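Below is one structure, written out as structure tokens, with a few remarks after it.
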Amino acid sequence: MKAFHYLADLFYPRLCLACSRKLLRHEYVLCSYCQVQLPKTRFHLRKDNPVEILFWGRCDIVAGAAFYKYLKGGYVQELIHNFKYKGFQEIGIFIGEKYGEELMKNEIFAEVDYIIPVPLHPKKMRIRGFNQSEVFGRGLAKSMTADLEVDNLHRIVHSATQTRKSRWDRYKNVASIFGIKDAKKLEGKHVLLVDDVITTGSTIEACVVKLKEVEGIRISVAAMATAAH
Ligand SMILES: [Zn+2]
């Protein structure tokens, strides 16, 4: 088996999915350099961090954090690109599991009951074949004491007439983009809403507004990376 791996490495060298260096045999997804050097936010250890501030006055969250700082042209962007558009789902699982270990060091994240991925638009789901937030959530669930809850929060597919509504009308109805299938299950629970990258935060905001309709729910937010830092 070892000989086989050696040969496979020789003909199809596995590359770091962030910086494209050749991976050593014991390395997986990221090379040792990127494991250490990719810019981590450490926001989960900081109250009133830039991710939390992003949602001030917009929606009510308990805590918010993101693993990496997202910089244009940086290796984190490359990593996310390989994950979302090149089909390397192992990135989401790997980063999720690693980040879950970090999040467990903060008691707020450690007491989360359910991990809820931001639902992907069905059209994108058909093109991509997977929901990147769900894959990331699956990784988080491996190292956190919370269950992954898929499809409870879901996207409502609007009819053609609704699609023709003005941008303002759609903005007003932003919470109607999402629906909840089983609200009872989420009553009084602390849920962790997860996404790949937080930029403006508008999708997360719409999800939080919808989830807030559930009695006694508490919502925290986590992403793989954020442009807010
Ligand atoms: Zn690397």
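Bear in mind these aren't lab numbers, they're just calculated from the coordinates by the rules spelled out. In this text the structure is predicted, and so the values were computed from the model without any measurement. Virtual Cβ from ideal backbone geometry, glycine too; neighbours counted across all protein chains shown.
Observations
- Between Glu111 and His154, the contour length at 0.36 nm per residue exceeds the alpha carbon distance by 13.1 nm.
- Entry note, the range 29-72: relative contact order of 44 percent, from Cα contacts under 8 Å with a spacing of 6+ residues.
- Dipole in debye (nearest 20) - the chain, about Cα centre, beta carbon charges: Lys, Arg +1; Asp, Glu -1: 920
- Expected 222 nm ellipticity per residue - DSSP helices of 4 or more, -39500 (n - 2.57), all of the chain, to 500: -11000 deg cm²/dmol
- Additional length obtainable on full extension of the chain from Val62 to Arg126, 0.36 nm per residue less Cα span: 19.7 nm
- Euclidean distance of C-alpha centroids, the range 39-74 and the range 193-217, integer Å: 14
- 3J(HN,Hα) along the range 177-185, derived from phi through the Karplus expression 6.51 cos²θ - 1.76 cosθ + 1.60 where θ = phi - 60°, amounts to 5, 10, x, 10, 7, 10, 5, 3, 4 Hz, with x in place of Gly and Pro.
- Cβ crowding within 10 Å ranks Met224, Met104, Met144, Met125 as Met125, Met104, Met144, Met224, fewest other Cβ atoms first.
- Springs between Cα atoms under 10 Å define the GNM used for the chain, and in it the highest mean-square fluctuation of Gln132, Gln37, Gln77 occurs at Gln37.
- Computed label-point distance, nm, for sites Leu24 and Glu213 using a 7 Å Cα→Cβ extension: 5.3
- Counted charge near Leu17, where neighbours are those whose Cβ lies closer than 11 Å (Asp, Glu -1; Lys, Arg +1): 0
- Under 20 Å from the Cα of Lys72 - lysines, other chains or at least 8 residues apart: Lys40, Lys84, Lys86
- In plain terms, the chain from Ser143 to Ala183 could stretch by 11.8 nm, reckoned as 0.36 nm per residue minus the Cα-Cα distance.
- Mean Cα-pair separation over length for the range 39-226, i.e. relative contact order, pairs under 8 Å, 6 or more apart, %: 28
- Amide H contacts of Leu153 (H built 1.01 Å from N, under 5 Å, at least 5 apart or other chain): Lys181
- Tilt relative to the chain, helix 132-143 - C-alpha long axis, 0 to 90 degrees, to 10: 70
- Secondary structure note: in the range 39-226, about 15% of the DSSP beta bridges are antiparallel.
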